[in-house]
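Here's the structure we're looking at; comments come further down.
The values are calculated or read from the model by the stated rules, or taken from the named source; none is laboratory data. Only a predicted model underlies this, so the values are computations on that prediction, with no experimental measurement involved. Every residue, glycine as well, gets a Cβ built from its backbone with ideal geometry; the counts of neighbours run over all protein chains shown. These accessible areas exclude ligands, DNA and RNA; they are computed on the full protein's heavy atoms, side chains included. Shrake-Rupley method; radii C 1.70, N 1.55, O 1.52, S 1.80 Å.
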Amino acid sequence: MLKNIVFMIGAHKTATTHLQRSMVASRDALKQHDVAIVPPVPVGSNLLPLINMMRDKADPEILQAAASKFLEIHTGDQCNVLLMNENIPGTLGPNMLMAENKLYRFSPKRLKRFVSLFPDHNHVVALAIRNPASFLVSAWQETLKGSTFYPFEDYIKNIDLTQLSWVDMINRIQKAQEQKLPFVVWRYEDYSQVRDALMRAIASAEAADAVTWLEETSNQGVSEAALHFLQAVGNVSKKNREDAMELFPRGPDFPAFQPFDKQQIAEITKLYDEQWETLQSMDGVHTIQP
């Protein structure tokens, strides 16, 4: 059966958890409108290992057969599939996220292998983008969880932030494909305003109406004072992080960590806004706007 597969690839730190949980909570309702929801866990457990095997030159036909069985198990006879996992293009470690001044530098090869698992279906990539001025700070804090503390300056060491481009990332992915992949793109900053329009674009108006959006919980992140606490402790265990956030909750008394000055933020934001303008006129890219 021909299916329309939407690869919902993130990016990380763009309200993906809220989107994914809302989709899963609405799974039964969406099924009534011919939409199957495949959450991140089975994708990460079953499909990501397959694309890694492709790198080692495993037999493509065998891997495609496994992917076909995966679809049968997780999507049944639903024609429209929302397949969600933000680790498809890569992870948040600096070597994968921004080495060589390229956002998700391995994403072209990873997406090509992933899409090739499903050769007889229609494909769309859904991607949320975010201003690097906040995206990188949030990404760095995510990498700290469960690890030894290291400074933000080390995370972005030798990176030219003015070269990090979502436009470049999409262009690189497109060039790597045998056939151009349609993209649906929206901004994290617009998420609450565009999520219904997003569902209409990747599924249908009926499916959009069927979604029950969960209450959004604001992720306050970690205050600068809490980060100093964690730096002194040296290890960002779950308990240490909880202690730091309880002692120094982000708010008026304990401001958020901000490594960039006003001029840097303005420069990075200007480039981000220019990229958004470019995406709106790019062939094969459908942008979702408020």
Volume per residue (Å³) of the convex hull spanned by the alpha carbons of the stretch 1-105 is 109
Label model pair residue 267, residue 192: point-to-point distance (7 angstrom along the Cα→beta-carbon line) in nm is 3.2
Mean shadow area (nm²) of the C-alpha convex hull around the stretch 93-149 is 5.3
Expressed in nanometres to one decimal, the distance between label points 7 Å along Cα→Cβ at residue 142 and residue 175 is 2.6
For the chain the mean separation of alpha carbon contacts under 8 Å (6+ apart) over residue count, i.e. relative contact order in percent, is 24
The answer for the longest stretch of the chain without any exposed trypsin sites (Lys or Arg not before Pro) (DSSP loop, at most 14 further Cβ atoms within 10 Å) is 181-290
Summing -39500 (n - 2.57) over every DSSP H run of at least 4 in the chain, dividing by its residue total and rounding to the nearest 500, the 222 nm mean residue ellipticity is -14000 deg cm²/dmol
Per residue, accessible area of the chain with a 1.4 Å probe, heavy atoms of protein chains only, in Å², comes to 49
In whole percent, the fraction of accessible protein surface over the stretch 159-243 that belongs to carbon or sulfur atoms, probe radius 1.4 Å, stands at 43
The helix 60-75 Cα axis meets the longest alpha-carbon principal axis of the chain at an angle in degrees, between 0 and 90 and rounded to 10, of 80
In nanometres, the difference between 0.36 nm per residue of separation and the alpha-carbon distance of residue 233 and residue 253 is 5.1 nm
Charge dipole of the chain built from unit charges on the beta carbon (Lys, Arg +1; Asp, Glu -1), centred at mean Cα; most positive-end Cα among 44, 165, 127 is 44
Using eta = 0.890 mPa s and T = 25 °C, Stokes-Einstein with Kirkwood Rh from Cα pairs puts D for the stretch 88-219, in µm² s⁻¹, at 146
Taking a label point 7 Å from the Cα of residue 274 along Cα-to-Cβ, the residues of the stretch 182-199 whose backbone nitrogen sits under 14 Å from it are none
